[in-house]
Amino acid sequence: MTIAPSQSAGSEAWSDTRLLYALEEVVETEIDRHIRAAKEWMPHEYVPWSQGRDFDGVMGGEAWAPEQSKVTEIGRISLVVNLLTEDNLPSYHHEIATLFGRDGAWGTWVHRWTAEEGRHAIVMRDYLLTTRAVDPVELERLRMHHMSEGFESDNAHSMLHSVAYVAFQELATRISHRNTGRESGDPLCERMLARIATDENLHMVFYRNLLAAALQLAPDQTMQAIRDVVVGFRMPGHGMPGFERSAARIAIGGIYNLRIHHDDVLQPVLRHLKVLETQGLGPEGLKAQEELGFFMGELDSQARKFEERRDALLARRAARV
Ligand SMILES: [Fe+2]
Ligand SMILES: [Fe+2]
């Protein structure tokens, strides 16, 4: 099978199969880079086991009560959202294994990524239960509900859309974990989430580099995929019970909001890939690039309005106190 270079691909669209084949070498290189950069770490080392004790029920210990939690209220809300998001790993694995396959370099990545992601829910749950940071019964019921619903990607129809989505989503997850740690009020929680955030950053770099290669190979199609993903971006946990309410609290609490999404997630990836400066696009690619630029401007002004509303709300709250 011969792969036509991007110049001669002309108006002929790249199929997912051709893209997977053409990008396999890049995946191999990126796996090597990832393995060299990723340091082994042990989830159990991040959990203060000495703070743990039996719960009520089978063990006849003490029931959970809110005053036992050392983390802030906003920290509790965000930790639950982030853990439930990590808990849905079987669904994410299914999505990328279906799209990328389980063979060759793509398969190696799918399995390695899944193994690394598995640590995140392990360490977070161990920390939350050991320190009694959140209600364990509520957490388990939410997990059952959320995982029973499953997760269906908005981008399963196209591998370019999926690669673009995960490049932004891994960074969004990194920022969300890091800011949750910062707002949690517990240095142990912050250290644990900072460790997870380091993993998410390496995942972002992997997908971002893959997206850079796709931009070179199929610039017009990749530009359209990036536009679609940026314009329609939703966090992977959007389907969980009470997500809208939690997301509103998380936004006001400075963990994840429009300003952070624009400045710390979308802009860094777009700038790194020079998406808005890419030259030599065809009519469809050019249209997508212009729409993307327009959307980013709109998002920035929406973010400014959000900040004004939030500042006014916080000022009213402060005045009441
Ligand atoms: Fe994760
Ligand atoms: Fe990740």
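Taking the conditions exactly as written (under 18 Å from Glu86 (Cα atoms), within 15 Å of ligand 1 (Cβ to nearest atom) and open to solvent by 30 Å² or more (accessible area, probe 1.4 Å)), does Arg112 satisfy them or not? So Arg112 fits the description; yes. Among the residues of the stretch 173-190, those identified as crowded, with 24+ Cβ neighbours inside 10 Å and touching a His at 6+ places or on another chain (Cβ under 9 Å) are Thr173, His177.
Looking only at the stretch 102-136, residues that are within 20 Å of the chain's Cα centre (by Cα) and modelled with pLDDT under 95 come to 0 in all. Determine whether the stretch 77-95 contains at least one residue that is touching a residue at least 60 places away in the same chain (Cβ under 8 Å) and away from ligand 1 (no atom under 16 Å from the Cβ). Yes, that holds for at least one residue.
Being crowded, with 20+ Cβ neighbours inside 10 Å and outside any loop (DSSP other than H, G, I, E, B): is that true of Gln216 here? It is false that Gln216 is crowded, with 20+ Cβ neighbours inside 10 Å and outside any loop (DSSP other than H, G, I, E, B). Any residue in the stretch 216-227 that is at pLDDT 95 or above, within 16 Å of ligand 2 (Cβ to nearest atom) and farther than 26 Å from His146 by Cα? No, every residue in the stretch 216-227 fails to be at pLDDT 95 or above, within 16 Å of ligand 2 (Cβ to nearest atom) and farther than 26 Å from His146 by Cα. Between Arg178, Arg132, Arg143, the distinction of being of a type in the set (D, E, K, R) and without any contact (Cβ under 8 Å) to a residue 40 or more places away in the chain belongs to Arg178 only.
Being of a type in the set (S, T, N, Q) and away from ligand 2 (no atom under 16 Å from the Cβ) is a description that does not apply to Thr114.
Provide a single number: the residues in the stretch 115-160 that are closer than 20 Å to Gly237 by Cα, open to solvent by less than 50 Å² (accessible area, probe 1.4 Å), of a type outside the set (A, V, I, L, M) and away from ligand 1 (no atom under 16 Å from the Cβ). Going through the stretch 115-160 one residue at a time, the tally reaches 4.
Per the conditions (1) surrounded by 13 or more Cβ atoms within 10 Å (Cβ to Cβ); (2) more than 26 Å from Met144 (Cβ to Cβ); (3) of a type in the set (S, T, N, Q); (4) over 22 Å from the mean Cα position of the chain (by Cα), the sole criterion not satisfied by Ser69 is (2).
Residues in the stretch 24-46 that are open to solvent by 80 Å² or more (accessible area, probe 1.4 Å), part of a helix (DSSP H, G or I) and basic (Lys, Arg): Arg36 alone. Among the residues of the stretch 191-209, those identified as surrounded by fewer than 21 Cβ atoms within 10 Å (Cβ to Cβ) and away from ligand 2 (no atom under 12 Å from the Cβ) are Arg191, Ala194, Arg195, Asn209. The set of residues in the stretch 47-67 being of a type in the set (Gly, Ala, Ser) and either part of a loop (DSSP other than H, G, I, E, B) or farther than 22 Å from Arg191 by Cβ (or both) consists of Gly52, Gly57, Gly60, Gly61, Ala63, Ala65.
The values are calculated or read from the model by the stated rules, or taken from the named source; none is laboratory data. Computed from a predicted structure; not experimentally measured. Because the Cβ atoms are built from the backbone with ideal geometry, glycine has one as well, and the counts that use them run over all protein chains shown. Accessible surface is based on the protein model in full, side chains and every heavy atom, while ligands, DNA and RNA are left aside. Shrake-Rupley method; radii C 1.70, N 1.55, O 1.52, S 1.80 Å.
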